[in-house]
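Note sheet for the following structure.
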Amino acid sequence: MSAVQEFYDPNTIRMLFTNAMSEMYRKEVPLYQNLLDTVVEVNKEALTNRDSIADEILDLSRVEGEKHGAIRLGSKNELYNMRRLFAVMGMQPVGYYDLSIADLPVHSTVFRPVSREDLNKSPFRIFTSLLRLELLPEDIRNSVEEILSRRQIFTDKCLKLIETHEKRGGLFEAEAQDFIAEALETFRWHNQATVEKDFYKELLCINSLIADIVSFKGPHINHLTPRVLDIDLLYARMQEKNIQMTATIQGPPKRKIPILLRQTSFRALSEEILFSNQDGKGIQGTHRARFGEIETRGAALTKDGMELYDKLLNETLSQTKQDDKNYQEILEKSFSKFPDTVSELFDKNLVHFNFSINEKILNQKTVTEKDFKEFNLQKLIQEQIIKITPMTYEDFLPVSAAGIFKSNIVEGGFTKAEADLQLSNQNDIETALGVKIIDPQTIYQEESQKSLNQSLEKLGINI
Ligand code: OOG
Ligand code: NI
């Protein structure tokens, strides 16, 4: 009897795909290699000088390699197939980001692994935006739609392999290898624009994002983002090398207990491209789309934590702008109101936690089952029998804060009409995807509850 051939693990496909994409991007964008070298340098230094609480959240076992990338799609059909493509790699749409509140004609979701186990195997995610035709000026909407309907961003072989995966429930090793090579083609850079220069310029005037989405054969990967242990040090190093970075590190300020995500990037490079024209020779031009980014991750915030984050960020933005010199200083001042100890973050329910049993203490204390029953959770934590560790944030910087700031700084928060609009926009993207978007809060809550249940079970406490 021949052995049954097993499907290739989607986590392995994702890992190999990430490596292949990284290699391609480093060749395409040499400055990105420079950024990667600086990351290695900074991580080495940061490891000799570290702080244990931050270490746990940073999860040192997952430092190496890219953590995310981003693409921008033109049509609902492209998004539908992209969802099917990422499913082969064990990635599902998580979180909804409405970027129209930042004046961008797109909305987005993130394809990512969902379970902690899968994230640990390979945490790669792709921030995926979809152009919203209805937000474009009426006079160009039809031409844009027509141009986009003519392109096919996936190779035939890639679509066939996706279909095989769906029908059979997995791919075998040789198919998986083919799939990685074929899928990579979709993310490749094309220096040949598919539109004429004048039309490109017209799009550029409306919004550079539209020009980037519409003018090319496919949705080139526009950045990759590795993780760095000390982003402040990295930022300083890049500036020493005279590489132009974002005006400030985006996200929350530096803290003892890092929260959410802090990011910085180098400015998109001006790259030479050729526009199509009648005689087929092509007209020279340039395009800015591709950059390199760095992230450092902190604790996942609960809904209450997110609200406080938005409030403090708005407070900052009401006093200064991101590119002002005093921005970080004012940000830090505003965020002094965000608790920065594990116990306070827990008591105020601002952060999601993982629970585990401290076996050593448990053995020392010789407590009986009866004793546990009389304890409450707070006490078990105080006694250090149950250990709590902040959960790492696996999603992206919420744009809600900017939206709240823009729409109504005095009242704060979205109006009902705005909230309804958000919901209907999310429905639109879900219809295009063909599946519902997973709410990140649900993932964190379930993981937290599971670890608590397991811990209590070990102590013989039934809940
Ligand atoms: C998406 C940018 C979003 C991030 O790190 O917040 C993103 C884009 O520019 O297409 O990747
Ligand atoms: Ni990014």
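Overview of results
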| item | result |
| --- | --- |
| Residue in the range 418-439 that is at pLDDT below 95, in contact with a Phe, Trp or Tyr (Cβ under 9 Å, 6 or more places away or on another chain) and among the charged types (D, E, K, R) present | no |
| From M245, M238, residue being without any contact (Cβ under 8 Å) to a residue 24 or more places away in the chain and in contact with a Phe, Trp or Tyr (Cβ under 9 Å, 6 or more places away or on another chain) | M245 |
| Strands (runs of 3 or more DSSP E) wholly inside the range 265-381 containing at least 2 residues that are modelled with pLDDT under 95 and within 16 Å of ligand 2 (Cβ to nearest atom) | 291-297 |
| Matching residues in the range 255-264 - criterion: being away from ligand 2 (no atom under 16 Å from the Cβ) and in contact with a strand residue (DSSP E or B) (Cβ under 8 Å, 6 or more places away or on another chain) | I257, P258, I259 |
| Among (1) open to solvent by 10 Å² or more (accessible area, probe 1.4 Å); (2) modelled with pLDDT under 95, the one test that R84 misses | (2) |
| Hits in the range 266-286 (condition: crowded, with 18+ Cβ neighbours inside 10 Å and within 16 Å of ligand 1 (Cβ to nearest atom)) | F266 |
| Unique residue being touching a residue at least 24 places away in the same chain (Cβ under 8 Å), under 24 Å from the mean Cα position of the chain (by Cα) and farther than 30 Å from E196 by Cβ when the list is F355, F291, F335, F346 | F335 |
| Matching residues, the range 338-352, being of a type in the set (V, I, T) and open to solvent by less than 10 Å² (accessible area, probe 1.4 Å) | V351 |
| Out of A46, A54, sole residue that is in contact with an Asp or Glu (Cβ under 8 Å, 6 or more places away or on another chain), assigned to a helix (DSSP H, G or I), at pLDDT below 90 and more than 16 Å from ligand 1 (Cβ to nearest atom) | A46 |
| Hits in the range 438-463 - residues which are open to solvent by less than 60 Å² (accessible area, probe 1.4 Å), outside any helix (DSSP H, G or I) and among the aliphatic types (A, V, I, L, M) | I438, L459, I461 |
| Flag if E78 is open to solvent by 50 Å² or more (accessible area, probe 1.4 Å) and assigned to a helix (DSSP H, G or I) | no |
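The values are calculated or read from the model by the stated rules, or taken from the named source; none is laboratory data. Please read all numbers here as calculations on a predicted model, not as lab measurements. In this analysis, Cβ positions are derived from the backbone assuming ideal geometry, glycine residues included, and neighbour counts consider all displayed protein chains. SASA here: full protein model, heavy atoms, side chains in, ligands and nucleic acids out. Shrake-Rupley method; radii C 1.70, N 1.55, O 1.52, S 1.80 Å.
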